[in-house]
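For reference, the structure is listed below as structure tokens.
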Amino acid sequence: MPSLRTFRIEFDRPGATYAPGDIVTGDVIIDLAREKTVRALKLSIKGEANVSWERRRSTKDSQGRSHTQVDHFRASEQYFNLTYYLLGSTAGNGEVRIPVGFHRYSFNFSLPYNIPCSFEHTNGHIRYTMKAVIDRPWRFDHESKIAFTVVSSYDLNSRSHLCIGVDDDVNENFCCFCCFNLGSIKVRIRIPTTGFVPGQSIETMVNLNNTSSVNVTKICVKLERSLEFHARSPYNTTKTDKAILKAEQSMGPFSQQTDIISRLQIPPIPPSQLEYCSIIDQKYSMRVTIHVSGTHCSITKTYPILIGTIPLHSTITSASYLPNIHQPSAPVVQQDYDPPPPMPTSPDYAPPNVPYPQGLGFISPSAPGTSTNPWDIRK
């Protein structure tokens, strides 16, 4: 029967979700069936970002034969790497006996302020992990790993100049075989503000003035995300990934002069611009597409959107006064988000140095946490 019955890490905060600068507290749990002699019990806490992907290309050898070559692109960035000894010391020249039974070893440390939000994607991630190690003399070590989540604050009020809204006029002329004029459509697109937090709704108002013989068949609004992953090895390059996070559409027929309002609720997504991360960029946008009959091209406009964690102080009310309003007639399309995997991967190489604020590391457990993030889970 193995002597180690239980070896795990527990956080005091349910959900293990924290903001930069918060104090992380918890316990390492050990339950032994018999006494164990160890060199040390230590914790390793890391915050890091990694990007990686493959690109296949065809090459020819000296004899003209084609081969497929796979290039591996990657980059890493480390925000902190702390080690804390719960038993033993860094010298490692002594031995400690852990008696039979159930034991709790408490830990506490402070997160730095200049760290990005947790993030997961197939091409890259930002992860925060903790590993407890029982260092055993002349034997394999015991390890227990766990991840925790960091949600950075992104205050839209400090970026209110980027949230002034949209009021855009579009004039589209139609013709047949480049000879016959079929008239024009005048479109006015309004979005009262372009700064939101998850749970709020993006209200898009489309005013149609159709003096052509071409019919408007439907109007689609989509919340899109654009990601850029920056690799540094084997050379600097960027991979872009675009996704539709949510969409709504209003179906025709529409009268020649009408107003359509679409309300699209923002799903739980990370904030814009992963601050303090230089290898992953994240942006959101609102795409408005007006589909028309026949072989004519659709009218498409795209506008940048900011997603934050702290909403704007002044909210603009819905334009309910608009007459002849059409509501979306199609179901909402929504993309779900997978939770971060429990086990991390190691960085491929050492990233550049990142400055840390004063007081980083392990602190007195009497100091309170000071998170102001509305996504924190506190009980």
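The values are calculated or read from the model by the stated rules, or taken from the named source; none is laboratory data. These numbers were taken from a predicted model, which means no experiment stands behind them. Methodologically, a virtual Cβ is constructed for each residue, glycine included, from the backbone with ideal geometry; neighbour enumeration extends over all protein chains shown.
Take Q256 and tell me if it is buried (at least 17 other Cβ atoms within 10 Å of the Cβ) and not aliphatic (A, V, I, L, M). For Q256, the condition - buried (at least 17 other Cβ atoms within 10 Å of the Cβ) and not aliphatic (A, V, I, L, M) - is not met. I191 fulfils the conditions (1) surrounded by fewer than 17 Cβ atoms within 10 Å (Cβ to Cβ); (2) under 18 Å from M286 (Cβ atoms) except for a single criterion, (1).
Listed here are the residues, each with its yes/no results for (1) farther than 30 Å from H291 by Cα; (2) at pLDDT 90 or above; (3) not basic (K, R).
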residue	(1), (2), (3)
P99	yes, yes, yes
R104	yes, yes, no
P116	yes, yes, yes
D135	yes, no, yes
F140	yes, no, yes
V150	yes, yes, yes
V166	no, yes, yes
F177	no, no, yes
L182	no, no, yes
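Outside any strand (DSSP E or B), touching a strand residue (DSSP E or B) at 6+ places or on another chain (Cβ under 9 Å), modelled with pLDDT under 95 and not acidic (D, E) - does that describe any residue in region 57-70? Scanning region 57-70 turns up no residue that is outside any strand (DSSP E or B), touching a strand residue (DSSP E or B) at 6+ places or on another chain (Cβ under 9 Å), modelled with pLDDT under 95 and not acidic (D, E). Could you go through region 90-104 and let me know if any residue there is surrounded by 15 or more Cβ atoms within 10 Å (Cβ to Cβ) and not in a strand (DSSP E or B). Within region 90-104 (the criterion being surrounded by 15 or more Cβ atoms within 10 Å (Cβ to Cβ) and not in a strand (DSSP E or B)), the answer is no, since none of the residues qualifies. Scanning region 43-74 for residues that are over 21 Å from N236 (Cα atoms), in contact with a Lys or Arg (Cβ under 9 Å, 6 or more places away or on another chain) and charged (D, E, K, R) yields a count of 1. G92 meets the conditions (1) of a type outside the set (S, T, Y); (2) modelled with pLDDT of 90 or more; (3) touching a Lys or Arg at 6+ places or on another chain (Cβ under 6 Å) in every case but one. The failed one is (2). Every condition in (1) over 30 Å from D71 (Cα atoms); (2) surrounded by fewer than 20 Cβ atoms within 10 Å (Cβ to Cβ) holds for I185 except the one numbered (2). Residues in region 14-38 that are more than 24 Å from D141 (Cβ to Cβ) and in a loop (DSSP other than H, G, I, E, B): P14, G15, A19, P20, G21, D22. For region 125-135, indicate whether the set of residues that are buried (at least 17 other Cβ atoms within 10 Å of the Cβ), in contact (Cβ under 8 Å) with a residue 60 or more places away in the chain and of a type in the set (S, T, N, Q) is non-empty. Within region 125-135, one or more residues are buried (at least 17 other Cβ atoms within 10 Å of the Cβ), in contact (Cβ under 8 Å) with a residue 60 or more places away in the chain and of a type in the set (S, T, N, Q). When region 140-166 is filtered for residues that are part of a strand (DSSP E or B), under 29 Å from the mean Cα position of the chain (by Cα) and touching a residue at least 24 places away in the same chain (Cβ under 8 Å), the ones remaining, listed by number, are S144, K145, I146, A147, F148, T149, V150, D155, V166. Annotation: of all residues in region 287-307 being in a strand (DSSP E or B) and among the polar types (S, T, N, Q), the one that is surrounded by the most Cβ atoms within 10 Å (Cβ to Cβ) is T289.
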